[in-house]
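Derivation of every value follows stated rules applied to the coordinates shown; laboratory data play no part. Source: prediction; values computed, not measured. Cβ: placed from backbone, ideal geometry, glycine included. Neighbour counts: every protein chain shown.
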Amino acid sequence: MKYFLFFILFINSIIGFSQNDYQTFADKYDEFISYAKPDKNNNLSKYFAKRINSSLLDHYKINDTIKNKKFVYLTFKIDQQNKVTNIIVNSPYSELNKNIREAFINYNIEDLNIPEKNQLNTYALQILSTEGDKMIINCSTNVVFDKLPVFEGCESAVNKTKLSNCLLNKISEHVANNISPAEIKKAKILGSLNLRVKFSVNEQGEIEQVNCKAPTDSLTKELNHVVALFPKAKIPATRNGNPTSFVYEKTISLEIESDNEKYKEEVNEYQENLLNVSDEFLNPNTELAFHFKKYISAEELDKILLLKGPINIYFNIDKKGKPINFKTNAYTSELNDKLVGIFKKFPFEKLNIKPVNTIDSYSYPLIINRLNKNIIVSSDKPSIHTPPFFDKDCESSNSKELYDCMNQSIKNLVVNNFKRTIRNKTKLKGVINVRFSFQIDDKGKIINVKAFAPNAEICNELEQIIKSIPDVYKPAYLNGKAIITTRKYSFGFNVGNSTVDEFKSLRKTPGP
């Protein structure tokens, strides 16, 4: 009797190019350069030199040691009418990207002398590269075009999207049809089984360097074995028509079902034992956990998507000892509202939270995933998070006032120190959105400052302001221990035709 049925539910892929050495190329970037032959004096460089605002390059920050971050590329595709589409530029500055895109739109595509116009290809041009500590215009002489490998059954794909989807389906079907039911049973799996598949396709189309990931070591070994047997590509990946190496990475999800009641009982027992061993502070048998189990069916529980770890409930407590400001980190607003509604029905006094501090936030875990199975749990005590105090004047009676004080202090520092003349450093019009993030370490120091803006000059100005923020009065605490926290903000300011250099409200973006 067959115990298991496999159904492909969901496929998410990330496709990139291999970084392995081969032939005479040190890596894929050197391979790209060998085909592109960038030249500061070629026709494309001369064209962009007349159309890229040089001031956008003057303050370009080159402080990344990653090789590909030292180049700016433009990629595009070609549609059925041989028209350019899907133009993407990879610089960190939106104004520069817009400038490059607009210049390329007006470029005569025939001047690129593309040897093969095909919807299956992705085309790439180098536009900028580093020279010393500067970013300069250094364009490709030749366009580089890449094509995915073609596996049996995918030969009729007419564009890159369909070829990519076909490849996803083929590898997913191969895994579902060949993975061992005995290994599934050994791993005690029921319901959704997420598998990470990764392998390389060499210049001959052969599968190599298989490095997959499954919930258990034994199942990972089995998955690696199955993927290694995936038939070779009929046509390997190509770069400018020549075979090239290719790395493939994706996540597939299989639905594991069984009609064996004894096995189902074994899985449930195993899951409970695993929970007790792995997470001693989590308990599926607390009063709060039993309360949620009354309102969430097994079918509903299986359908809940956990993207970033457990789902928790968060709340504050007011001066009267009543819980307020309920929220969860659920994926959808509907699930958030459902979980908050269930929590409100629980007799709060049974949690026995003492002592109460109105600036603290409290949380309980509600749903976790173990071996691809969702489980309702809770803990005997809540986690207690005390937010940072930006300065002594921010000491407050409740968490909202504390957050408002910190946000206002940061806004004042940014707005009051931001040079009004910086608005003249961009040709963009209207309200320009700027964002930044930083961390407060366990000593209260500002670290890991990152700023994002339309161009390098504005970005550098913003980053310097954030770095000048003095140490905070008190760091954040979790259960009485100082911790590192991250703060993310954004704001806008008027440029262009506006006669008033008015800043829009600073906004705290979602995050810890």
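Points to keep in mind about this one:
- On the basis of the beta-carbon distance and an R0 of 22 Å, Asn417 and Glu131 show a calculated FRET efficiency of 0.10.
- Reference-scaled alpha-carbon Rg (2.2 N^0.38 Å with N residues) for the range 154-247: 1.19
- Rounded, prolate or oblate (a/c below 1.5 giving rounded, otherwise prolate when a/b exceeds b/c) for the range 279-386 by Cα gyration tensor: prolate
- Residues of type aspartates and glutamates that Lys443 reaches as a straight line, Cα spacing below 20 Å, ignoring anything fewer than 8 places off in the same chain: Asp360, Asp391, Asp393, Glu395, Asp471
- Relative contact order for the range 130-221: 17 percent, from Cα pairs under 8 Å spaced at least 6 residues apart, divided by residue count.
- Kirkwood radius and radius of gyration were both taken over the C-alpha atoms of the range 383-482, and their ratio Rg/Rh is 1.04.
- Assigned charges on the beta-carbon of Lys, Arg, Asp, Glu; the chain dipole about Cα centre (debye): 1440
- Cα-derived Rg to Rh of the chain, Kirkwood definition: 1.02
- The range 216-375 - percent relative contact order, Cα under 8 Å, separation 6 or more: 21
- Of every Cα-Cα pair in the range 38-141, the percent that sits beyond 23 Å: 25
- Taking all pairs of distinct alpha-carbon atoms in the range 75-229, Kirkwood radius in angstrom: 19.1
- Neighbour-count ranking [beta-carbon atoms within 10 angstrom, fewest first] of Ser437, Ser397: Ser397, Ser437
- Net charge dipole, the range 38-141: roughly 120 debye, given to the nearest 20, about the Cα centre with Cβ charges of +1 for Lys and Arg and -1 for Asp and Glu.
- Rounded, prolate or oblate (a/c below 1.5 giving rounded, otherwise prolate when a/b exceeds b/c) for the range 399-457 by Cα gyration tensor: prolate
- Contact order normalised by residue count of the chain, Cα under 8 Å, 6+ apart, percent: 13
- Rounded, prolate or oblate (a/c below 1.5 giving rounded, otherwise prolate when a/b exceeds b/c) for the range 93-176 by Cα gyration tensor: prolate
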